[in-house]
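**Student:** The structure that follows is given in the form of structure tokens.
Every read-out reported here was derived from the displayed coordinates using simple, explicitly stated rules and does not represent laboratory data. Please read all numbers here as calculations on a predicted model, not as lab measurements. Using ideal geometry, Cβ is built from the backbone for each residue, glycine included, and neighbour counts are taken over all protein chains shown.
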């Protein structure tokens, strides 16, 4: 005969042990990784409560960084994580990346490839597929818009010069920098990377919107093709 589990639900825990009450009373620093994830997951199921599900997610992935790199589809392969929970996790990690990518200053002035990396590494280092961004700069090299132009497969994100410079013209760019990531972690430019950089540089000369740089993000590292003399 089947018996229901005698394990108490989170609502039956002492109030100071429940993740939400613990967060409210003691702040986020007092919570473990699994407790913070449980708040995002919100609810459990017939077999596990939210904290147990969160522990399963951590055990399956190995770390928060690895969870952050997973797509919603990949997360739904973890037992107990359905579409709604997977989307909530993807959203919260993306918000974290965007917060990290924001400058503490009101305006980002691009003086070097490192300035671009400070904005873009947090956004792209955990991405599981290639993403291609166009950074729109004004006449003082202030970053006025960051546009994700394409999001590709695991190994390639195709882009055409007309797409880059349409975005540049639409947003009244004085100049542009393009950025994409290598999910493999290899920061060396491919032959295709070099070829598209040269095409973009030539097109920029024709339309009067110079390409200042093409930066490749690989994990926490990066490569500037301008520093290599390619653009």
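**Student:** Obtain the nm distance between the two label points defined at residue 206 and residue 77 by a simple spin-label model: each point lies 7 Å from its Cα along the Cα-to-C-beta direction.
**Tutor:** Each label point is offset 7 Å from its Cα along the Cβ direction, giving 4.3 nm.
**Student:** Given springs between every Cα pair under 10 Å in a Gaussian network model of the chain, which of 25, 49, 146 has the largest fluctuation?
**Tutor:** Answer for the Gaussian network model of the chain: 25.
**Student:** Another question, if that's okay. Kindly provide the helix-only [θ] at 222 nm of the chain, computed as the sum of -39,500 (n - 2.57) over DSSP H runs of four or more divided by all residues, to the nearest 500 deg cm²/dmol?
**Tutor:** Working: 9 runs with 96 residues, N = 231.
Dividing the helical sum by the residues of the chain leaves -12500 deg cm²/dmol.
**Student:** What's the center-to-center distance, using Cα atoms, between the stretch 128-149 and the stretch 203-231 in Å?
**Tutor:** 12 Å
**Student:** Kindly state, to the nearest 0.05, the FRET efficiency for residue 45 paired with residue 144, given R0 = 35 Å and r defined as their beta-carbon distance. Please list the in-between numbers first.
**Tutor:** Working: r = 46 Å, r/R0 = 1.31.
With R0 = 35 Å, the Cβ-Cβ based efficiency is 0.15.
**Student:** Using the alpha-carbon atoms, what tilt in degrees (0 to 90, nearest 10) does helix 113-124 show relative to the longest principal axis of the chain?
**Tutor:** The angle comes out at about 40 degrees.
**Student:** If I build a Gaussian network model for the chain, linking alpha-carbon pairs within less than 10 angstrom, which residue out of 95, 24, 211 has the largest mean-square fluctuation?
**Tutor:** Answer for the Gaussian network model of the chain: 24.
**Student:** When ranked by the protection proxy of mean other Cβ atoms within 10 Å per residue, highest first, what sequence do the peptides 64-77, 184-197 form? Write down the numbers at each step before the final one.
**Tutor:** Numbers: 64-77: 15.8, 184-197: 14.1.
Going from most to least packed, we get 64-77, 184-197.
**Student:** So if I restrict to the alpha-carbon atoms in the stretch 104-224, what is the Rg, and what is Dmax, the biggest pairwise distance, in Å?
**Tutor:** 13.3, 37
**Student:** Turning to a different aspect of this structure: For the stretch 10-99, what D do you get in µm² per second when you plug the Kirkwood radius from alpha-carbon pairs into Stokes-Einstein at 20 °C and 1.002 mPa s? Mind showing how you got there, number by number?
**Tutor:** On the way: Rh = 13.3 Å.
Answer from the Stokes-Einstein relation: 161 µm²/s.
**Student:** Any idea what diffusion coefficient the chain gets from Stokes-Einstein, in µm²/s, Kirkwood Rh on alpha carbon pairs, 37 °C, 0.692 mPa s? Don't jump to the answer; show the numbers that get you there.
**Tutor:** Working: Rh = 19.9 Å.
Roughly 165 µm²/s, to the nearest whole number.
**Student:** Roughly how tilted is helix 191-207, in degrees to the nearest 10 and between 0 and 90, from the longest Cα axis of the chain?
**Tutor:** On a 0 to 90 degree scale, this one is about 60.
**Student:** Hey, another quick one. If one takes the longest principal axis of the Cα atoms in the chain, at what angle in degrees, from 0 to 90 and to the nearest 10, does the Cα axis of helix 161-170 lie?
**Tutor:** For helix 161-170, the angle is close to 90 degrees.
**Student:** Gain in length, residue 112 to residue 13, computed as 0.36 nm per residue apart minus the alpha-carbon separation, to one decimal in nm? Could you put the intermediate results ahead of the total?
**Tutor:** Values: separation 99, 0.36 × 99 = 35.64 nm, distance 5.28 nm.
Stretched out fully, the residue 112 to residue 13 stretch lengthens by 30.4 nm.
**Student:** Continuing with this model, one more query. With springs only between Cα atoms under 10 Å, which of 161, 183, 113 fluctuates most in a Gaussian network model of the chain?
**Tutor:** 161
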